[in-house]
1. Please determine whether any residue of the range A:167-186 is closer than 22 Å to residue A:323 by Cα and touching a Phe, Trp or Tyr at 6+ places or on another chain (Cβ under 6 Å).
2. Please list, ordered by first then second residue, the pairs with beta carbon atoms under 8 Å, 6 or more apart or interchain, first in the range A:418-434 and more than 19 Å from residue A:405 (Cβ to Cβ) and free of Cβ contacts under 8 Å to residues at least 40 places away in the same chain, second assigned to a helix (DSSP H, G or I) and hydrophobic (A, V, I, L, M, F, W, C).
3. Please go through (1) away from chain A (no Cβ under 11 Å); (2) surrounded by fewer than 16 Cβ atoms within 10 Å (Cβ to Cβ); (3) charged (D, E, K, R) for residue B:49 and return the number of the only condition it doesn't satisfy.
4. Tell me which helices (runs of 4 or more DSSP H) are completely within the range A:545-642 and hold 1 or more residues being modelled with pLDDT of 85 or more, within 26 Å of residue A:445 (Cα to Cα) and within 14 Å of chain B (Cβ to nearest Cβ), or say none if there are none.
5. Read through the list (1) in contact with a Ser or Thr (Cβ under 7 Å, 6 or more places away or on another chain); (2) within 9 Å of another protein chain (Cβ to nearest Cβ); (3) modelled with pLDDT of 90 or more, then give the number of the only condition that residue B:136 fails.
6. From the list A:478, A:461, which one is out of contact with any strand residue (DSSP E or B) (no Cβ under 8 Å at 6 or more places or on another chain), away from chain B (no Cβ under 13 Å) and surrounded by fewer than 19 Cβ atoms within 10 Å (Cβ to Cβ)?
7. Please specify each residue of the range A:496-512 satisfying the condition of being loosely packed, with under 12 Cβ neighbours inside 10 Å and part of a helix (DSSP H, G or I).
Amino acid sequence: MILFSVSLALLSAGILCLALLRHKPRWAENVFLVFLTLGCGSAFISAVDTLIRQESFVDRLPWSLPWGEVTIGIDFVSALFLLAVTLLCFLAGVYGIGYLRNGEHQQDIAGHFCLYLVFLMSLMLVVTARNAVLFLLAWEGMSVSSYFLITYHDGNEEVRQAGLLYLIAAHIGTLCLWVMFILLGTQAGSMDFGRMSAAQFPLMLAGVVFVLGTIGFGVKAGFIPLHIWLPHAHPAAPSHVSAVLSGVMIKMGIYGIIRLIMMVKHFPPWCPAVLTAIGIVSGVGGVLYALGQHEIKKLLAYHSIENIGIIALGLGIGLWGQLNQYHTIAVIGYAGALLHVFNHAMFKGLLFLSAGSVIRQTHTGEIDHLGGLLKYLPWTGALFLIGSLAICGLPLFNGFISEWLVYRALFEGVFSFPMEPVILIGLAIIALALIGGLALMCFTKAFGTVFLGQARSQHAADLKENSAPMIAPMAVLAGVCVWIGIFPQTMVSFCLQGAMRILPTATNTADMANILRPVQWMVLSLFVLIGISIFLVLFRRMAMKNMSVAKSGTWGCGYAAASPRMQYTASSFASPIVELFREVLCLRRAKARPQQIFPEKVLVASEVIDASEHFFWRRIYRLMQEVCGRMKSIQCGYAQIYVLYIFIFLFLILIWKVT
Amino acid sequence: MLPIFSHILFVLALSPLLLGVIGKTKAFFAGRWGPPLLQPWYDIAKLFRKGVVYSTTTSWVFKLTPVVVMATALASCIFVPWGSIAPPVYFWGDALLFIYLYGLMRFFLIIGALDTGSSFEGMGASREAAFSCLSEIVLFMDFILLVMVSKSLVLCNMLNTGFFSSWLSMGPVLVLVAVSFFLVMLVENSRIPIDDPNTHLELTMIHEVMVLDHSGYDLGLILWGSYIKLFVLGSVLVSLFVPAHLSPLTGVTFFLCGMGVLGITIGVVESVMARLRLNRVPHLLIGAFVLATLGFIVILLKGA
């Protein structure tokens, strides 16, 4: 705990230093690196310490806020989140130094780093706050500082728009959270989380709180249909910021929901169904929209929604198990969700960072304009491949382990639960399978089009690989992905312990050994896979020795004049599925057919439209604009009239008081 | 360690034979003698002796593909029982690893195809990715049914525990599982009516397109890998019909006969049907999904 306080103090010192160093960008880089390393390092150690020693801390700092005091605590769940926050923020920060060097806006760089530390500190406070007021303050700090991080390239109109959309969405969410915490606080008689967990909440209130929490935290997490800020904000932000936004910030929504479950404990029976349904819709919707995207960061942003959906499925089945007294299922479901939170931070961070290093070199994120980059950016390409394999949930990588846990909980739910939930759980399994298949399609599309084949533009030959300070953080993330994929026991047992802490009743540890045993067998089978691969590679090398190996062009089916632009594009690759789901995806096409003997301009363009944004939120926005426009006539600009308004208002209050 | 080796050797040796049986059946229907039963073996042996040609466009991904295809195919077989011979490795939840190993195989086949930069192979890859999304949900629906019947997540238990009792009580469900799984198996292995593996280039649409640029040793590995995939998926289907608690010898004989019948069935289907139009394939898969979902409804109503 002392270490964590030291880390907070270090970060505050860093923020101060950077605020003073506004006009010395070179210095700012070094100062930022030092404080980032120290701050993240000490917080990381305190998190690991909590996980290993299995002790949780609560500390009250001698400074009182209105309605409470500054209470900070690290328990198992906080520690797991803290682990992801510190690891990813540190690596993305190091990457960011290289990423922003020699770019535009050099004069703002110290301010950017300063805000990055503010953001990091508020993230750390969000997961450790044990008082609702402190939590909401940290939450607000996180929203506002991330707004400034997103709008780093604020010369661009689109970036400003995206930032504004994010800010509005974040505050709608915060509004719901205020109401939720006030409801909880009045019932418990205190804004302290400890008191709230001890309090009893009537089922009706629990339902209301659950809805408010799902909306408030869901906006941050990106549940469909509350997700609309995500696909705009992620591409607008610099890549290291998008990595942190997608990797850890949206997980704060998940953290909030878990904390809510830990505090309220008893929910009406429809709550897990709602959570599962949200998981299905967000998961399948996110990956379908991703398939229709042609911009790499927008594609990754939609995949964040998909992964949030998977996490929500884990939480949903966990809550179902908790409410129906199936503790094993609850533990596995929660553990799957917790592990997926960590895993997603790792592989999505890796993917955003490697997408960033493509964008930094090629100055475009349009997938269909790239190609063949594996030859020019070998490290970035290989690391992107590892990230893709992990996000598709394929064996040997970490995504598989967490999806396996979620699947396991769902399958056990199928044959243990009564009939009504089984229908939805069966649907959830099918959805998870569909998500897996579609994610595989989406990432073979992204990796294949960007990194494989031939370059689609002329100046690819001038590209060089990025510098080591940018590659190293990605390599570490990839290493963690493979480590969890091959040796999952450590993280799985941490997550199982975390999941047990979410449950209100204690579960016996024999249960945990039972859950862990298949994981050990899985490791064995993965080693069989690795062993066979190594054998085949060696055998191949031996067999190839006395064989002729020739080089030639790709077989063009007899057509001799193939050009790189004739390669299969990402949009054509995705089209079978996009066509199949065209009603859901609102596929729009623009076509100019060839006309006359010598056609001049031929064009095909396709675009996938986000239904909830275009048909729901924009309509609401227009309605609000209309209503507010009518109200504008009240604002006439004469001070006398305003005084009259005040008078009328006071008069009305008087009448109300008198009657 | 030894059981794993013997399991792998078993599948390595027998998987090309299944293709031989299919070939013989098709030849019988066409009124020919057809290639010998061991022809797939000869093909592989020939490919392993040949030199390799690599496209200048390709990278290490292309060379890694055959290795991954073969390794995942072999690794998947260690969870499948051969008749009464239990699989060497089984654990709670291995059915999921089994399915996802094929996902890994597919991922590499697709990026291997995209690595050549050929638009023709891109088409094949795109179709493979699209159809397998649909076939995967059918597969999972089948697995849900098997899990509900057997109350287990261990693949070998899902396939043959309490054979007679489960067929007696859940017969209709198991028939639906078998039919839809058969369709999935055809799709996953790109057989008629989804794709015709025998024509090259002009009419083949999916699997053979993706491996068009592979040659020699690499092509041999991929071919053998796909034989193994057909054999392993086929053995999952056949295991549904193998009674439990047979003596080892009878069990294996029963299983091998079952595989023979499966080969003949595939051969008959391929002889009497033409390849479907490509845009009809999703309809077939959705049909299979509906069948499996019917089974789900039956189980729910019976209150298993």
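The values are calculated or read from the model by the stated rules, or taken from the named source; none is laboratory data. On a predicted model such as this, the values are computed, not experimentally measured, just so you know. Positions of Cβ are generated from backbone atoms using ideal geometry, with glycine treated the same way; all protein chains shown enter the neighbour counts.
1. no
2. Every condition considered, the pairs that remain are A:419/B:300; A:422/A:414; A:422/B:300; A:423/B:300.
3. Only one criterion in (1) away from chain A (no Cβ under 11 Å); (2) surrounded by fewer than 16 Cβ atoms within 10 Å (Cβ to Cβ); (3) charged (D, E, K, R) is unmet by residue B:49, namely (1).
4. Values: elements: A:570-580, A:582-585, A:618-631.
Filter on the range A:545-642 gives A:570-580, A:582-585.
5. All conditions are met except number (1).
6. On the way: A:478 fails: surrounded by fewer than 19 Cβ atoms within 10 Å (Cβ to Cβ).
Checking each option against the conditions leaves just A:461.
7. A:509, A:510
Listed here are the residues, each with its yes/no results for (1) within 21 Å of residue A:434 (Cα to Cα); (2) surrounded by fewer than 24 Cβ atoms within 10 Å (Cβ to Cβ); (3) hydroxyl-bearing (Ser, Thr, Tyr).
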| position | (1), (2), (3) |
| --- | --- |
| B:118 | no, no, yes |
| B:126 | yes, no, yes |
| B:129 | yes, no, no |
| B:139 | yes, no, no |
| B:142 | yes, no, no |
| B:145 | yes, no, no |
| B:153 | yes, yes, no |
| B:156 | no, yes, no |
